[in-house]
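Q: Below: one structure in structure tokens.
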Amino acid sequence: MEQVRQIHVRYYEQADRALSQIPLAQVFQTKTGVPKVYGAVGASAFVLLLVFLNIGAPLLVNLVGFGYASYASFLAIESPGKEDDAQWLTYWVIFGLSNVAEYFTGLLTYWIPFYYVFKLAFLVWLMLPATRGAERLYHNTLKPVVAHIRSSNLPASTQQAGAPPTAAAARKPAKTD
């Protein structure tokens, strides 16, 4: 039982440190007297319950997909490093492609049980810095596909050189006969 308590304390402290950086969490704790960690867990559980019961699930899942990612993207733009910029730019590419795919497969996704629960889990996996899901999906799937498409559309002289395509290399000279 002591091990469970130690794990709880460790995760509680991690969440408390992370939530201390969010002003809204601080205001919540000050006004309600409820620890911000419990408020975040309660709000997350409530949203998850609504998604599980499919009550406003499309809106809630997209709010999670846009809301936190927008906030984190803003922080990444304002930070001096480029590592987090790449993570969030990659997230937006994957998120955009998944929304386009969802639009065209809307009738099929309607018949998948717990579709929005799976989508929410997928978006959280894409977003989390610990998993770096968006970068992993981009580098393992999307980047090879795009590279293949780009290489198949290039003239043979550019493909042999192995150089990255440029606008000048892709243009063919006009014939003046």
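The values are calculated or read from the model by the stated rules, or taken from the named source; none is laboratory data. Quick caveat: nothing in here was measured; it's all calculated off a predicted structure. Backbone-built Cβ (ideal geometry, glycine too); neighbour counts: all protein chains shown. Note: accessible area is taken over every heavy atom of the protein model, side chains too, but ligands, DNA and RNA are not part of it. Shrake-Rupley method; radii C 1.70, N 1.55, O 1.52, S 1.80 Å.
Q: Going Cα to Cα from Lys36, which aspartates and glutamates come in below 17 Å? Please leave out same-chain ones fewer than 8 positions away.
A: Glu13, Asp16
Q: May I ask you to evaluate 6.51 cos²θ - 1.76 cosθ + 1.60, the Karplus curve with θ = phi - 60°, for each residue of the stretch 65-79 and list the ³J(HN,Hα) values in order in whole Hz, giving x for glycine and proline?
A: x, 8, x, 5, 5, 5, 4, 5, 5, 4, 5, 5, 5, 7, 7
Q: I've got another one for you. Where is the GNM fluctuation largest for the chain (alpha-carbon springs, 10 angstrom cutoff): Asn54, Asn62, Asn153?
A: Asn153
Q: Nearest 10 degrees is fine. How inclined is helix 115-127 to the longest principal axis of the chain, computing both from alpha carbons?
A: 80
Q: Considering the dipole of the stretch 1-108 built from charges on the beta carbon (Lys and Arg +1, Asp and Glu -1) around the Cα centre, which of Val4, Ala101, Ser70 is farthest to its positive end?
A: Comparing the listed Cα positions along the dipole, Val4 ranks first.
Q: Send over a whole-number figure in Å² for the accessible area per residue of the stretch 74-145, probe 1.4 Å.
A: 68
Q: Using the scaling law 2.2 N^0.38 Å as the reference, what is the normalised Cα Rg of the chain? Mind showing how you got there, number by number?
A: Working: Rg = 22.4 Å, N = 177, 2.2 N^0.38 = 15.7 Å.
My calculation over the Cα atoms of the chain gives 1.42.
Q: Using a 10 angstrom cutoff on alpha carbons, build the Gaussian network for the chain and name the most mobile of Pro80, Pro23, Pro144.
A: Maximum fluctuation in the GNM of the chain, among the listed residues, is at Pro23.
Q: Same structure again: Using a probe of 1.4 angstrom, how much of the accessible area of the chain is carbon and sulfur, in percent?
A: Working: 8810 of 12990 Å².
So the carbon and sulfur contribution to the accessible surface is 68 percent.
Q: Could I ask something else about it? How large is log10 I(q)/I(0) at q = 0.12, 0.16, 0.21 Å⁻¹ when the Debye formula is applied to the Cα atoms of the stretch 11-68, each weighted equally and without solvent?
A: Listed by q, the Debye log ratios stand at -0.33, -0.57, -0.86.
Q: Another question, then. Name the residue, out of Leu19, Leu120, Leu89, whose mean-square fluctuation peaks in a Gaussian network model built on the chain with Cα pairs under 10 Å.
A: Sorting by GNM fluctuation, first place goes to Leu19.
Q: For Lys119, go through the aspartates and glutamates and keep the ones whose alpha-carbon is under 13 Å away, minus same-chain ones fewer than eight residues off.
A: Glu102
Q: Another question, then. Quick check on the stretch 35-94: take the gyration tensor over C-alpha atoms, sort the square-rooted eigenvalues as a ≥ b ≥ c, and tell me if it's rounded (a/c under 1.5), prolate or oblate.
A: Oblate is the answer for the stretch 35-94, as a/c is 1.5 or above yet b/c matches or exceeds a/b.
Q: Something else about it: Over all pairs of distinct alpha carbons, what does the Kirkwood formula give as the hydrodynamic radius of the stretch 59-106, in Å?
A: It is 11.5 Å.
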